[in-house]
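Notes for the one structure printed next.
The values are calculated or read from the model by the stated rules, or taken from the named source; none is laboratory data. Treat the numbers as computed from the prediction; the structure is a model and nothing was measured. So basically every Cβ, Gly included, is an ideal-geometry build from the backbone, and we count neighbours across all protein chains shown. Heads up: the accessible areas ignore ligands, DNA and RNA and are worked out on the full protein's heavy atoms, side chains in. Shrake-Rupley method; radii C 1.70, N 1.55, O 1.52, S 1.80 Å.
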Amino acid sequence: MNTKIHLFKLITLADASNKLEDVVVVGFGVQKKESLVGAVQSVKPSDLQTSSSNLSTSFSGKIAGVIAVQKSGEPGADGANFWIRGISTFGSGQSPLLILDGVEITNQMLNNIPPETIESFSVLKDATATALYGSRGANGVMLITTKNGRDSEKMTVNVRAELGVSAPTRIPKIADGVTFMETYNEACATRGENPRYSREKIMGTKLGLDPYVYPNVDWYDMLFKNSTFNQNFNFNMTGGAKKIDYFLNASAFNENGIMRAPSTSKFDTNINSQKYLFQANVSADATKTTRVSLKMNTQLHYNHAPIESVGSLFTYALSALPCEFPATLPGEETDTFVRFGTANAWDGNTFINPYAQLCRGYSDKFRGHFTSALTVCQNLDFVTKGLSLTGMATFYNRVYSAVNRSFTPFMYQLSSYDVDADGNYSYTSSSTNTGTTYLGTSRGRDGYRELAFQVKLDYARTFNKKHDVGATFVYHQKERNMNISDAEEYASLPYRQQGLAGRVTYGFDKRYLIEANFGYNGSENFAPGKRFGFFPSIAGGWVISNEPFWKGIKDKVNLFKVRASYGLVGNDVISSNYKDRFPYLSTVAMDQMYDVMIGTNFDQKWGPILSIYGNEDATWEESHKLDIGVEIGLFDSLNIIFDWFKEKRSGIFMQRTSLPSTFGMSGITPWANIGK
């Protein structure tokens with residue numbers, strides 16, 4: 001009997017990347033890349049891979065037109081601030097609109113998305129691409145779509161585990177105590193002043209006679225380590241059959257800071273950021289013409305950090321003098337606390353002890369983001385070919401809680417000291433404050449939930465192989481409620497948005513392209529009659545490389561397209577403070593002191609005062625955008641895109657700094673659309 005054992009099996013993989021690149025995700029749908037006339041950039045998920053757990057750290061230099069600034073490397077807080085084509089307003093809303101699987105999300109949730117879950121990432125820049133979002137699209141839009149399953153014989157499993165090392169890029173070199181004192185005395189001498197530090201103190205510090213009398217503290221080394229270790233893990237499964245498919249993903253991140261564990265502290269004050277991320281996407285054919293899909297995303301973020309911000313600790317460590325006071329002073333046997341060192345500062349106060357600030361407490365924070373998107377797509381070819389109807393219901397819940405625990409350090413300064421015949425030192429220290437031996441606790445919580453509905457009608461059809469006709473019409477509404485109601489009435493009222501959007505496209509022989517879009521949006525923030533606005537756009541394109549006269553160089557210059565767009569979009573984020581909602585309403589404060597004296601006794605009266613003067617004409621800011629672009633493809637391998645754009649922002653919502661006294665209302669500064 002002959003038995004054959006196959007150690008290797010040759011498998012041929014078909015490249016599907018071209019199929020994926022043929023279409024681009026745009027507002028409320030997809031379009032063929034060759035027929036795009038808007039400024040839309042599609043980003044490969046592989047370009048978003050980064051060693052950080054925050055996705056936005058990968059934006060800089062990889063997405064044209066996106067400006068990203070990373071201000072911190074602190075674990076869990078190292079996300080970048082980013083803007084599409086720069087900051088175009090000095091109003092409250094400067095960030096782009098972020099959409100994940102049809103759900104509007106925050107920057108924090110975007111940062112937590114693992115690149116392994118991303119199917120497509122699109123950046124919408126001009127008015128044609130963003131007009132469908134109307135009053136929310138002025139700052140650009142980012143669309144993220146997560147992966148779906150696929151019909152395959154076997155399930156595909158991917159596992160990735162990484163161990164990394166984090167270290168500061170560069171740290172300024174700080175002078176030691178002796179160098180500092182000698183240099184400082186030299187600076188005094190050049191100015192004709194007496195030296196601050198005696199020769200005895202400098203020599204005592206140089207010889208290291210006593211760490212309390214002659215301190216020489218390297219504050220940075222006392223608070224910070226040189227490096228730390230981080231771990232992250234990703235696991236996903238993809239599979240399905242003809243009628244059902246699935247994609248499941250789980251990710252975990254464990255990132256540590258470089259803070260040292262204080263030897264005098266009973267609790268950990270180093271930074272630890274842990275993220276647990278889950279994505280579950282399931283799609284099924286309910287009938288031959290009906291497709292149902294459910295996408296659920298869960299993000300859990302735990303953060304432990306010192307009660308004092310790391311930025312402040314870093315500043316203290318670099319600015320504290322190495323020779324003025326030690327980190328701690330010797331205590332007495334009856335002490336139930338640590339005596340942290342300090343000294344009289346030059347401004348009459350006492351110096352800040354960086355080590356005491358590190359030891360004084362910690363903070364535990366939790367953030368949770370939960371999204372669900374249920375989509376039902378009905379093919380309506382039985383009505384007319386190319387027609388489909390899609391309904392979507394989405395839910396987003398954001399929760400936040402924090403527990404801060406801290407104590408007041410006991411601060412002491414060296415009053416006097418004695419040295420015996422054997423060179424042993426004894427000390428006397430005096431208290432400069434009243435500390436606490438217990439941990440005080442403060443708590444914080446926040447969050448909101450959003451429920452949204454969307455109905456979309458799509459039509460796409462080609463006539464006589466030359467006329468490409470497409471249309472999309474959308475109705476959408478959203479309501480947001482705060483999870484934690486504030487004492488203010490405005491915080492308990494829901495935020496509501498409602499609108500219509502539409503797009504009509506036409507292409508002739510894949511050469512001449514035209515597209516019109518509109519958004520008609522309403523917000524409860526404004527007065528009746530001012531709540532809805534219309535935001536149109538128009539665009540056209542010419543694919544010169546598809547002309548007959550281009551055939552001679554088609555193999556070298558495979559694409560040459562020019563396009564132009566112009567339109568109006570808006571920004572309805574009037575303020576980040578809920579107290580500034582409903583700017584059209586006036587507010588009267590009761591039992592207020594009047595600024596007048598009455599009678600011979602100069603009696604001051606009390607009564608109602610107008611505290612906020614409403615503006616019934618308040619509305620969203622508007623952005624007029626013009627974009628002219630050229631797209632060039634060389635040898636089917638190199639793509640060059642050039643865009644010239646101009647934007648004029650007007651009606652920026654801002655608060656007046658003053659009013660003429662003749663107005664008769666001192667101290668009242670109403671809101672208005674006065675910025676541009």
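Below are the figures for this structure:
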| read-out | value |
| --- | --- |
| Crossing angle, helix 310-319 versus the chain [Cα axis fit, 0-90 degrees, rounded to tens] | 40 |
| 32 Å Cα-Cα threshold exceeded, pairs from Lys551/Lys648; Lys478/Lys676; Lys154/Lys561 | Lys551/Lys648; Lys154/Lys561 |
| Entries of Lys33/Lys242; Lys71/Lys173; Lys125/Lys466; Lys510/Lys646; Lys62/Lys365 with Cα pairs more than 25 Å apart | Lys33/Lys242; Lys125/Lys466; Lys510/Lys646; Lys62/Lys365 |
| Within the accessible area of the range 94-165 (1.4 Å probe), percent carbon and sulfur | 47 |
| Per-selection Kirkwood Rh - the range 236-337 (Cα, Å, 1 d.p.) | 19.0 |
| Cut-off 11 Å between beta-carbons: net charge of the residues surrounding Gly38, Lys and Arg +1, Asp and Glu -1 | 0 |
| Whole-Å semi-axes of the ellipsoid equivalent to the chain (Cα gyration tensor, √5λ, descending) | 56, 37, 26 |
| Contact order relative to length of the range 230-386, as percent, for alpha carbon pairs under 8 angstrom and 6 or more apart | 22 |
| Probe 1.4 Å, all protein chains present, accessible-area order of Cys359, Cys377, largest first | Cys377, Cys359 |
| Around Leu300: net Lys/Arg minus Asp/Glu count, Cβ-Cβ under 14 Å | +3 |
| Backbone HN-Hα couplings from phi across the range 620-631 [Karplus 6.51/-1.76/1.60, Hz, Gly and Pro as x] | 6, 7, 10, 10, 9, 10, 10, 9, 10, x, 10, 10 |
| 0 to 90° range, to nearest 10: angle between helix 177-190 axis and the chain longest Cα axis | 80 |
| Per residue accessible area in Å² of the chain, where ligands, DNA and RNA are left out and the probe is 1.4 Å | 54 |
| Exposed-loop-free span, longest in the chain, where chymotrypsin sites (Phe, Trp or Tyr not before Pro) count as exposed if DSSP calls them loop and at most 11 other C-beta atoms lie within 10 Å | 91-345 |
| Those GluC sites (Glu not before Pro) in the range 434-497 that DSSP places in a loop and that have at most 12 other beta carbons within 10 Å | Glu488 |
| Sequence of His467, His301 from largest to smallest accessible area, 1.4 Å probe | His467, His301 |
| Per-q log10 I(q)/I(0), the range 18-155, q = 0.17 Å⁻¹ (Debye; single scatterer per alpha-carbon; no solvent) | -0.95 |
| Distant-in-sequence amide H partners of Thr619 (H built 1.01 Å from N, under 5 Å) | Asn673 |
| Solvent-accessible surface (1.4 angstrom probe) belonging to Val165, in square angstrom, nearest 10 | 100 |
| Sparse-neighbourhood loop sites, GluC sites (Glu not before Pro) in the range 140-225 - DSSP loop, at most 14 other Cβ within 10 angstrom | Glu153, Glu193 |
| Relative contact order computed over the chain (Cα-Cα under 8 Å; 6+ residues apart), in percent | 11 |
| Local electrostatic count, Glu104, Cβ distance below 15 Å [Lys/Arg +1, Asp/Glu -1] | +3 |
| The range 195-252: trypsin sites (Lys or Arg not before Pro) in DSSP coil with no more than 16 other Cβ atoms inside 10 Å | Arg196, Lys225, Lys242, Lys243 |
| Relative contact order %, the range 499-601, counting alpha carbon pairs below 8 Å whose residues are six or more apart | 21 |
| Protein accessible area in the range 548-676, 1.4 Å probe - carbon and sulfur % | 59 |
| Amide H contacts of Asp78 (H built 1.01 Å from N, under 5 Å, at least 5 apart or other chain) | none |
| Cα-based convex hull, the range 376-533, per residue volume (Å³, whole number) | 316 |
